[in-house]
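Have a look at the structure below, then the notes.
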Amino acid sequence: MADATAQSRPGVLAMLTARRGRGKLHWTDVFSYIYLGLGVLLMFGPVIWLALSSFKTPAGLVEFPPTLLPLGQISVPVEGYDDPLLLFSVTTETGETRELAQIRRIGIVRQMVDPAAPDERIDVPIDAAEPIREFDMAWENYTDPLQRFDFTRYLWNSVVVTVVATAITLLINSMAAYGLAIYDFRGRNGIMLLVIGTLMIPITVILVPVYLVVTQMGLVNSLWAVILPGAATPTGVFLLRQYMLTIPRDLIEAARMDKASEWAIYWKVVMPLAMPALAVLAIFSVMWRWNDFLWPLIVLNRSEVYTLQVGLNAFQGELNVQWHYILAMTVVTLIPVVVVFAFLQRFITTGIAASGMK
Amino acid sequence: MTEIRLETIRKAYGDVEVIHGVDLEVRSGEFVVFVGPSGCGKSTLLRIIAGLEDITSGSLKIDGTEVNHVTAADRGLSMVFQSYALYPHMTVYKNMAFGLENSRMPKAEIDARVREAAAMLQITDYLNRRPKALSGGQRQRVAIGRAIVREPRAFLFDEPLSNLDAELRVTMRKELAALHAKIGGTMIYVTHDQIEAMTLADRIVVLQKGRIEQVGKPLELYNRPQNLFVAGFIGSPRMNLIETTVTEGPALVSGAARIALPPGAPVTPGASVTAGFRPEHLDIVEGDGDIAVTVTFAEQLGGETYLYCAAEGLPQITVHRPGQLPVEKGQALSLRLDRKQLHLFDADGQVLANGLANG
Ligand SMILES: Nc1ncnc2c1ncn2[C@@H]1O[C@H](COP(=O)(O)OP(=O)(O)O)[C@@H](O)[C@H]1O
Ligand SMILES: [Mg+2]
């Protein structure tokens, strides 16, 4: 491995077509590629499907059979009609094909018109007409919610909640972890068990009490109502504490001899050394906060404080679901998580391996 | 200059007492070495002095002031750890400056002190490196540098050389001795290696099982061990120790050994006495000696010779002679020991005599 990098590193293509034997295709190669291919399909298939579908028009979304690419049916303006009409390729009884625009559909018959000669109406059986499509990205799926429906504001709210909550989570969880890892006192493990024990309490049980507290504090409809209640996480304390336990005691004692205050030891020695664990917790926290839906839905009732997830819910009416907007905004909500992962992923592998958590 | 006094210091972890009342005075500017087998409480004692462990009972005084309840930071001591304990995320410069920054020293003075110490320890070239990018010896120097820049009242070392390879250990040992000569200062040094202790110390404190066995200058311990433990621990190769019974004469008898003692030797017939004699205090003689042995193994080093011998009813006897000897494996020898260098210990392991008149 090491000398492979030292010599010439293989390119992406060589990596993707790598084989076990030199040149020959071993049965394990076949097996591996099928297995890995399936994995890629399972992992990325839905995401790609989502991304492609987010560019489809509402009509394109409900079309059956579904198309993979965002293909929009071409519509043309026809004299005498207010809206543009959909264009079809029609096979006439004589066998020739013509391009006709559809006025309306009645049962199994389409009433059509030739855009070149708008006065004459032609009735065509539906199976004789084939929609004419072109590759068409429905950007309005993105621009409409962001401009008309205040989604930029939801986006901003989500960013504020995620960033502030993650910062607070990292700070207070690491402080608790420091206390439980660096100081040796009787009952330390008992307290740790208690902290982990709170993991057993389902969120639904504490929903109402926490809501009451938040109301009493007058925080309803402020972003703090979302940020504060989940800031201290048992998972985070556990993860950080276990990591801090691996920091050699000598280092802490050397810092004590170096006249470092407890704060200096925490901030200048332990925190930098706990970076991998902090990064892992940061990733988790970002994902939790960004995807959080239930709690924000409960405490945020005015649309100017909505987070993205709550805002998305607004497209899901009782009567009709605006799938094209939901899909597009779902893509938007995925982007930050992907970015955070890309930047912190080198920590997460070491962190997960070290903490044995996922 | 700093004087450190320990008065009946005891330390217990829960119900287990590991330091059983230690009294010691470390004089100003002295290089004191704590030596003893692993687990005897050397580190614990050092950490008590440093302020990293609480004292269960007793009193610790620095320059006459009791410091039992003074924190490690405020005792003004520096410690070099066995693991070096360098901060991995800081450069060498930051590692050395950290302690000074914590005491809010002006930047310019920090810089001057760090550079001076770095020059003295020849680590100026590495100031911007992280500890990870240094060799063991270089890390050791940085750890010592970190201790020096603080200009502490006393230096504490916990087995600082035990992670180095043998050659480097010898070099660093000499440098440490030179350092002490240069900057003076009270130093307490912990090691399990008696050679380090012998070469570095002004005074050695031999510890065993949480008790002080003997305190003294290196050669004093070598020549006049006060008990069996010190006799066996100091010196390499070890002193030969054989358990004997005193008979009329007086003489010491055990297996193939019969050692006649001069009249007036402090032994009573019938008592059991352990006789100790160093390998270099044995002569090979013609005819009757004190012990009849067979050579089982001979190390001919050219300049000196070591013989490892077996004798009936006795443990292995080591002989060390200067020069080259025409001795072969399996040869029978007669050994005579130097009465002036003979150590006698009673059944409790306490010394009866360190050297007798030549009989
Ligand atoms: N934190 C602790 N808890 C309980 N026992 C300890 C602790 N630290 C050291 N000991 C015990 O104290 C004794 C002395 O240890 P130490 O001072 O480290 O020995 P060494 O002479 O090898 O440095 C050992 O028996 C060790 O098991
Ligand atoms: Mg030790």
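If we count every other residue with Cβ under 11 angstrom of B:Ser78's Cβ, Lys/Arg +1 and Asp/Glu -1, where does the sum land?
Values: positive: A:Lys259, B:Arg75, B:Arg146, B:Arg150, B:Arg153; negative: A:Asp258, B:Glu151.
Local charge sum for B:Ser78: +3.
Return the value, in Å² to the nearest 100, of accessible area buried between chains B and A (probe 1.4 Å, both sides summed).
Details: alone 16760 and 22350 Å², together 37420 Å².
By this definition, chains B and A bury close to 1700 Å².
Calculate, in nm to one decimal, what A:Arg302 and A:Ile191 gain on full extension: separation in residues at 0.36 nm each, minus their alpha carbon distance.
Working: separation 111, 0.36 × 111 = 39.96 nm, distance 3.93 nm.
Stretched fully, the A:Arg302-A:Ile191 segment lengthens by 36.0 nm.
Go through region B:276-291 residue by residue and turn each phi into a ³J(HN,Hα) via Karplus (6.51, -1.76, 1.60, θ = phi - 60°); whole Hz please, and just put x for glycine and proline.
x, 8, 6, x, 7, 9, 10, 9, 8, 10, 7, x, 6, x, 8, 9
At a 1.4 Å probe, what is the % contribution of carbon and sulfur to the accessible area of region A:142-355? Mind dumping the intermediate values first?
Values: 7290 of 10680 Å².
It is 68 percent, rounded to a whole number.
So, in Å, what gap is there between the alpha-carbon centers of region A:62-123 and region B:186-253?
What the calculation gives is 109 Å, centre to centre.
Could you compute Rg(Cα) / (2.2 N^0.38 Å) for region B:131-276, with N its residue count?
Working: Rg = 21.0 Å, N = 146, 2.2 N^0.38 = 14.6 Å.
Output field value: 1.44.
Rg (Å, one decimal) plus Dmax (Å, integer) for the alpha carbons of chain A?
Reported Rg and Dmax, both Å: 29.3, 99.
Among A:139-150, B:251-262, how do they line up by average Cβ neighbours within 10 Å per residue, starting with the highest?
Numbers: A:139-150: 16.2, B:251-262: 18.7.
The densest-packed peptide leads the list: B:251-262, A:139-150.
Roughly speaking, what % of Cα-Cα pairs in region A:142-355 are separated by over 28 Å, rounded to a whole number? Display every interim value, and only then the final one.
Values: 8983 of 22791 pairs.
Of all Cα-Cα distances in region A:142-355, 39 percent exceed 28 Å.
Using only DSSP helix segments of four residues or longer, with each worth -39500 (n - 2.57), what per-residue ellipticity at 222 nm results for the protein assembly as shown after dividing by its residue count and rounding to 500? All intermediate terms of the calculation are to be shown ahead of the outcome.
Details: 23 runs with 280 residues, N = 717.
Taken over the protein assembly as shown, the calculation gives -12000 deg cm²/dmol.
Kindly report the accessible area of region B:123-237 per residue (heavy atoms of protein chains, probe 1.4 Å, no ligands, DNA or RNA), in Å². Present the calculation step by step, with values, prior to reporting the outcome.
On the way: 4870 Å² over 115 residues.
The answer is 42 Å² per residue.
In vacuo Debye scattering of chain B, one point per C-alpha: log10 I(q)/I(0) at q = 0.12 Å⁻¹?
-0.94
Against the longest principal axis of chain A, how steep is helix A:203-216, in degrees 0 to 90 to the nearest 10, with axes from Cα atoms?
In chain A, helix A:203-216 runs at an angle near 80 degrees to the longest axis.
Restricting to the protein assembly as shown, what percent of DSSP beta bridges are antiparallel, rounded to 5?
On the way: 88 of 106 bridges.
In the protein assembly as shown, DSSP labels about 85 percent of beta bridges as antiparallel.
Given H placed on each backbone N at 1.01 Å, which residues far from B:Arg129 in sequence or on other chains put an amide H within less than 5 Å of it?
HN-HN under 5 Å from B:Arg129: B:Val92, B:Tyr93.
Local charge sum around B:Leu301 (other residues, Cβ-Cβ under 15 Å, Lys/Arg +1, Asp/Glu -1)? All intermediate terms of the calculation are to be shown ahead of the outcome.
Details: positive: B:Arg321; negative: B:Glu280, B:Glu299, B:Glu304.
Net of charged neighbours comes to -2.
Are there residues in region B:78-102 whose accessible area shrinks by at least 40 Å² when all protein chains are included rather than the chain by itself, and which are they (probe 1.4 Å, ligands and nucleic acids not counted)?
B:Phe81, B:Tyr87, B:His89, B:Phe98, B:Asn102
Past the 28 Å Cα-Cα mark, which pairs from B:Lys209/B:Lys329; A:Lys268/B:Lys61; A:Lys259/B:Lys61; B:Lys11/B:Lys132; B:Lys132/B:Lys209; B:Lys11/B:Lys94?
Checking Cα-Cα distances, B:Lys209/B:Lys329; A:Lys268/B:Lys61; B:Lys11/B:Lys132; B:Lys132/B:Lys209; B:Lys11/B:Lys94 exceed 28 Å.
So for region B:204-281, Kirkwood radius off the Cα pairs, Stokes-Einstein at 37 °C and 0.692 mPa s: how many µm² s⁻¹?
238
Taking a ≥ b ≥ c as the square roots of the eigenvalues of the Cα gyration tensor of region A:71-135, is the shape rounded (a/c under 1.5), prolate (a/b larger than b/c) or oblate?
Working: a/c = 1.43, a/b = 1.12, b/c = 1.28.
Note, shape of region A:71-135 comes out rounded.
Report the far tail of the P(r) of the protein assembly as shown, meaning the percent of Cα-Cα pairs longer than 47 Å.
Values: 132482 of 256686 pairs.
Distances greater than 47 Å cover 52 percent of the Cα pairs.
I'd like the orientation of helix B:166-183 relative to chain B: the angle between its Cα long axis and the longest Cα principal axis, in ° from 0 to 90, rounded to 10.
With rounding to tens, the tilt is 60 degrees.
Compute the acute angle (0 to 90°) between the alpha-carbon long axis of helix B:107-121 and the principal axis of greatest extent of the alpha-carbon atoms of chain B; round to the nearest 10°.
30
The values are calculated or read from the model by the stated rules, or taken from the named source; none is laboratory data. Owing to the predicted nature of the structure, the values given are computational and were not obtained by experimental measurement. Positions of Cβ are backbone-derived with ideal geometry, glycine not excepted, and every protein chain shown enters the neighbour counts. The protein model used for the area step is the full one, side chains on, heavy atoms only, and it has no ligands, DNA or RNA in it. Shrake-Rupley method; radii C 1.70, N 1.55, O 1.52, S 1.80 Å.
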